[in-house]
Number of protein chains: 2
Amino acid sequence: MSTPGRGLHGHVLDTLGPAITAGEYPPGSVLRTDELAQRFDVSRSVMREAVRVLESMHLVASRRRVGVTVLPQSEWNVYDPQVIRWRLAGADRPRQLRSLTVLRSAVEPAAAGLAAKHATPEQCSELTECALGMVANSRGHRLEEYLFHDVAFHRVILNASGNEMFARLGDVVAEVLAGRTHHEVMFEDPDPAAVTLHVQVAEAVREGDAERAERLTREITVGALHELDILAP
Amino acid sequence: MSTPGRGLHGHVLDTLGPAITAGEYPPGSVLRTDELAQRFDVSRSVMREAVRVLESMHLVASRRRVGVTVLPQSEWNVYDPQVIRWRLAGADRPRQLRSLTVLRSAVEPAAAGLAAKHATPEQCSELTECALGMVANSRGHRLEEYLFHDVAFHRVILNASGNEMFARLGDVVAEVLAGRTHHEVMFEDPDPAAVTLHVQVAEAVREGDAERAERLTREITVGALHELDILAP
DNA sequence: GGATCCAAAAAGTCAGACTTATATGTCACA
DNA sequence: TGTGACATATAAGTCTGACTTTTTGGATCC
């Protein structure tokens, strides 16, 4: 997916991270560095590096004479892309998808409004191109092609907002959209209404109509939330 | 502030992190682990742990035969609380405050709307208490006391939304509010209109009026944005 | 000029010895 | 019986030095 096999400590993280975020070790569980090092067949130095990374994500806390304690979910850095990926790969994927979708529905309309004010001509073109790509692939079960343009569309909006915090949510949105296509029930072609809305958002941004861009994007995200309610009520 | 002196590698991070986020090492700069270890007078193992943490924040990338490369700002995990703190402590604090305030103005109204639906009686009480605390300290230059209740108020809203992603922005909001009080020009007492709005939001949440809670909270955040425009146009 | 090979450089890994903080149990004393 | 001081064991933290692996850049050769 992202950066696989960036050393031994990376391999350890790929195993330990998902295990912790999946709740395999309940909060308060204590792990010992030496034992983990043995289990993963790596040296203590490598294991320590892995623990440091988990610590920086606030998944664990390391204390002398105690060990490596697993922290409660409320402490986790849930905005860390790595943590998001681990959790989306795990058991409570539905819960995770929902909370991310709620976040989207707060952020994306605001981003679209700003994009209408700040988008460069290039970004406007890209946006139109993405919307057209969505239209072109909205029928005939071309789900992957549709997804590709959908993700690109939302990335452009977030980037064009000019706000760094918004822009960095591009990966999150991509994960959510991909998750919807790949894991949820999706036999049918995308909702034609949603496709139209994307085209209209591109229009509004091009015309600099912030209010309209925001309102239309809100309709898109409300639709996404509604979809979740239908699939997992 | 948070977890000072959690070992030697923590001290290294406290120096290197702010230096990198402050742009002291331009993107593409190459550092060598051994040299850094010497500079900070720590062993290579400790230095490696620090580098691993910076790497997990996507501030740097470590490659064999090359060294530790500083990544461009666009790669940074800007939602990492540690990174946020480092950047707020640095030179582009104003920019950072602005982008965080824009984020707030997208998220908090939505959170308030959800809070109106999901807040427990306890949370409603807390909210009212906070609002009253703000009123009580809104005059006579009791800025610290006012800030305390203001932060608590917004934390309760975010938590009561029931959305984990929103809830985890409590620390960010706290930093922004604290930053405004401590570093921006703020001779005068808080805007009475803002105080009233907080009281009204507490009311709306208590009454379960989501639409009103959202609208009032939007007014608060619009005010915060407007304030920034006046101070740093 | 281009493909191939070589050597240096820096990160990566490992093993072992030592240090330090601290939770916990022990024991004396009240 | 409870309480405080003290000893001890434990696990993280640190350091060092040797070795491995990957990769870059240049030298060499065709």
Residues of the range B:31-42 satisfying the condition of being in contact (Cβ under 8 Å) with a residue 12 or more places away in the chain and either on the phi > 0 side of the Ramachandran plot or within 14 Å of chain A (Cβ to nearest Cβ) (or both): B:Thr33, B:Val42
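Could you tell me whether A:Cys124 is touching a His at 6+ places or on another chain (Cβ under 6 Å), more than 24 Å from A:Thr33 (Cα to Cα), part of a helix (DSSP H, G or I) and not aromatic (Phe, Trp, Tyr)?
Here the answer is no, as A:Cys124 does not meet what is asked.
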In the range B:16-55, the residues that are within 13 Å of DNA strand D (Cβ to nearest atom) and among the hydroxyl-bearing types (Ser, Thr, Tyr): B:Thr33, B:Ser43, B:Ser45
Matching residues in the range A:138-175 - criterion: being charged (D, E, K, R) and either within 13 Å of A:Asp189 (Cβ to Cβ) or touching a residue at least 40 places away in the same chain (Cβ under 8 Å) (or both): A:Arg139, A:Arg142, A:Glu144, A:Glu145, A:Asp150, A:Asp171, A:Glu175
Qualifying residues in the range B:1-38 (those that are in a loop (DSSP other than H, G, I, E, B) and either aliphatic (A, V, I, L, M) or under 17 Å from A:Glu49 (Cβ atoms) (or both)) - the one modelled with the highest pLDDT: B:Ala22
Selected residue [more than 9 Å from chain A (Cβ to nearest Cβ) and assigned to a helix (DSSP H, G or I)] from B:Leu114, B:Leu97: B:Leu97
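Could you look through the range B:43-74, keep only residues that are of a type in the set (Gly, Ala, Ser) and open to solvent by less than 50 Å² (accessible area, probe 1.4 Å), and pick out the one that is nearest to the other protein chains (Cβ to nearest Cβ)? Show your work before the answer.
Narrowing the range B:43-74 to residues of a type in the set (Gly, Ala, Ser): B:43, B:45, B:50, B:56, B:61-62, B:67, B:74.
Then drop every residue that is not open to solvent by less than 50 Å² (accessible area, probe 1.4 Å), which leaves B:50, B:56, B:61, B:67.
Values: B:Ala50: 8, B:Ser56: 5, B:Ala61: 9, B:Gly67: 15 Å.
Restricting to residues being of a type in the set (Gly, Ala, Ser) and open to solvent by less than 50 Å² (accessible area, probe 1.4 Å), the top hit is B:Ser56.
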Qualifying positions in the range B:75-89 - more than 9 Å from chain A (Cβ to nearest Cβ) and open to solvent by 30 Å² or more (accessible area, probe 1.4 Å): B:Glu75, B:Arg85, B:Ala89
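So that you can scan it fast, the table gives a plain yes or no per residue for (1) open to solvent by less than 10 Å² (accessible area, probe 1.4 Å); (2) touching a helix residue (DSSP H, G or I) at 6+ places or on another chain (Cβ under 8 Å); (3) within 14 Å of chain A (Cβ to nearest Cβ):
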{"position": "B:Ala131", "(1), (2), (3)": "yes, yes, no"}
{"position": "B:His141", "(1), (2), (3)": "no, no, no"}
{"position": "B:Glu144", "(1), (2), (3)": "no, yes, no"}
{"position": "B:Phe153", "(1), (2), (3)": "yes, yes, no"}
{"position": "B:Ala167", "(1), (2), (3)": "no, yes, yes"}
{"position": "B:Asp171", "(1), (2), (3)": "no, yes, yes"}
{"position": "B:Thr196", "(1), (2), (3)": "no, no, no"}
{"position": "B:Thr217", "(1), (2), (3)": "yes, yes, yes"}
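The values are calculated or read from the model by the stated rules, or taken from the named source; none is laboratory data. Because the structure is predicted, anything quoted here is derived from the model rather than measured. Here Cβ is always computed from backbone atoms with ideal geometry, including for glycine, and neighbour counts include all displayed protein chains. For the accessible areas, the whole protein counts, side chains as well, though only heavy atoms, and no ligand, DNA or RNA atoms are used. Shrake-Rupley method; radii C 1.70, N 1.55, O 1.52, S 1.80 Å.
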